[in-house]
1. Limited to the stretch B:434-453, what total is found for residues that are in contact with a helix residue (DSSP H, G or I) (Cβ under 9 Å, 6 or more places away or on another chain), more than 12 Å from ligand 1 (Cβ to nearest atom) and in contact (Cβ under 8 Å) with a residue 40 or more places away in the chain?
2. Filter the stretch B:434-465 down to the residues that are more than 16 Å from ligand 2 (Cβ to nearest atom) and part of a loop (DSSP other than H, G, I, E, B) and list them by number.
3. Just to be sure, is residue B:510 farther than 21 Å from residue B:361 by Cα and within 16 Å of ligand 1 (Cβ to nearest atom)?
4. Go through the stretch B:358-376 and give me each residue that's under 15 Å from the mean Cα position of the chain (by Cα) and surrounded by 24 or more Cβ atoms within 10 Å (Cβ to Cβ).
5. Of B:192, B:171, which residue is more than 16 Å from ligand 2 (Cβ to nearest atom), away from every other protein chain (no Cβ under 14 Å) and over 14 Å from the mean Cα position of the chain (by Cα)?
6. Would you call residue B:227 crowded, with 22+ Cβ neighbours inside 10 Å, at pLDDT 85 or above and within 30 Å of residue B:494 (Cβ to Cβ)?
7. Collect the residues in the stretch B:190-227 that are within 26 Å of residue B:304 (Cα to Cα), away from ligand 1 (no atom under 16 Å from the Cβ) and touching a residue at least 40 places away in the same chain (Cβ under 8 Å), keeping them in residue-number order.
8. For residue A:194, all conditions in the list (1) loosely packed, with under 15 Cβ neighbours inside 10 Å; (2) in a helix (DSSP H, G or I); (3) touching a helix residue (DSSP H, G or I) at 6+ places or on another chain (Cβ under 9 Å) hold save one; what is the number of the exception?
Ligand SMILES: Nc1ncnc2c1ncn2[C@@H]1O[C@H](COP(=O)(O)OP(=O)(O)OP(=O)(O)O)[C@@H](O)[C@H]1O
Ligand SMILES: [Mg+2]
């Protein structure tokens, strides 16, 4: 007996919508087993993960704050993935954006620089993210280097570069030797939406990015180009669309969005540059992009859902001493199931019995 | 052999007393939404029979055989295999029962070798080496030469089809379905195929054969079932019918004749190719060598030739999918365009119809309106300041549907859901509706039924009458004879001097297609090259 994947003749529309939900369901089942193995009450753990964060205003704001970078990065990644360009290095672009934007904040620290500081930081961060993403894109187009590997490796370069800066040249002299810059000036900080709350302007920017992506993909020729190049490369070439240019463009856009997310995180919720500003947003955003079916609105929902797991993970750690890393396990399992369920859209499982082989041999 | 045929003439069925049909469908129905692609079809297939399945584009032929092959589930009705009712869970079950199929559109992986493709299509557990050996043996037994180690993208359409046939034969099927196998073959290749089919029949197998070429059906098939609008209208002996009477049954009326407007005037050259030479982009591609011709407005130039002699490369060079360093090699509307992209060439007034409709001419999983945009975005007012005018794209779909009688289940379906011939009508219509100054078209009526082929050919003639320059590449010499003013032949990347259609006899074209030249001078040249 043999299990094979067989291509479906007709694409199953229902499964395309239901598949992420199945994936979430399977993930939760797996988590229950995992909690049980860890000796925790699965029901309480699930409550801490998924229900508790939704019950108080502070956590709700915190979910939006966490979802902001996830959604922004994932929108950019979805453009890449739709165009068949595999940017895995959003984490690095996020960090480089954070560093580039912080440069202005650090240099203007304590001066009487005016309201131009924050906009300049955002622009510089986006540009830096874009340029950083262009490295793998250009290597791909010019030399055929795998963008998956190069973009991933550049994450570590960015990480160490940030580390060097905050331990060396940019370290806060009054910071008791902690590897961090000084707290940014108010002009270099993303304004809050609610006085004394957590929600900040970045969430609005993220929503604008989602809206822009909806329009781009649904209504513009560029968006059409992105979809055709990914879906039918030869037809795209016949249509006059250049796949190489599109790799460059989508990498640049996704790098810019990741860089923007980076500076918004640093100049917003964090308030200064330090190592560990990202709990892996750039990687989690990959899950967000696929869970959201590479669709902007889907990504918005998926981003909020994954943000929930971050907050839920923290609460579960506080309330039940469940290690924070379980959140990462959760996210990994989720990605696995999402991809597995997606295969079911195009393929179906089938058992093949080998005795047929014998019949054929005889006949 | 003759005796067999007469003895096994399956109509009426009573004559097969003692034997039962190998396969029969009873009331087989397939519904897509409220569209009936197959409406309660009864068909009997007997062993040792070549059974033709005829019908217009969209009549439901492919749908019926896909249901028999387990690729789609019928909405109602049943399938009986050797007298027993079966419900197929998928193609691999069909294969394991002895049903094989060769598809209308190939399902091969371009960058895998012949042997790898065959291995992927088989469900057996034999080792790759055994499989390769068996592949070679089957291909030799049936006279279908194949090099197992070549990659598919290097192969001509005819060779690709051979892979599909050999792959099906390796399963040793009792019943083989061929969906329009000869649509893309040269007459010689088709003749070879018929020998194979006769042989399979003599071995006691049954064959279901879909084709739009009625003469060949009359020659080859013992029985014919005719579908119209998803329903079975008749089962008959095609040898007792004429091509015209078969066509009448398919259409339910008379088929129009193509007529060229008399006194078509030629004007200025609109497409000129000057000494175009191009190294192949791919390792086993064909090198284009010193191709030159001039095409005036109002004129149709036909390019004949066996597939794989550089027609694809020429198409790519003319369309701008491949650029040439020297701008002067391709001149469109008096403008050197060799270095211009396909979009820029479209803006100059050129339009292109490639041979392969799914994946090249259209994005299969996208809607027709999006596929209208695919080639229309350059110069058809479908895009304003970067934004798509959806209404304009839908209008193109509607106009193509109306003008070319494209039959489909809804207003704007995915391209892949159209029947082969209807998709072809859409693609040709999409380009012709742009009123191009120059139209370059490959295999315009590949897989299109007689009625629709007439419509397309008429449209090409009308376009030329309206002053456009039309370049038609086709393997169908009758088609070229019908519409072309001049015919040139492509062989090993070279293009012969065009012959006036009146002088281009089959014999002359046949010689050129085989690589011989008409004049001794050219023979010497070829020998030197
Ligand atoms: N997946 C699908 N969804 C909706 N409609 C479909 C689908 N597949 C086929 N159809 C419709 O069913 C009809 C019959 O299609 P089919 O492919 O069987 O035609 P055909 O007889 O093989 O034509 P051709 O000679 O052009 O290949 C067509 O009108 C087609 O649009
Ligand atoms: Mg068909």
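1. The total comes to 9.
2. B:434, B:435, B:436, B:437, B:444
3. no
4. B:361, B:362
5. Criteria check complete, one pass: B:192.
6. Taking the combined requirement at face value, the residue does not satisfy it.
7. B:192, B:195, B:196, B:220
8. All conditions pass for residue A:194, except number (2).
The values are calculated or read from the model by the stated rules, or taken from the named source; none is laboratory data. Predicted model only: the values in this text are computed from it and were never measured. When we count neighbours, we look across all protein chains shown, and the Cβ atoms used for this are built from the backbone with ideal geometry, even at glycine.
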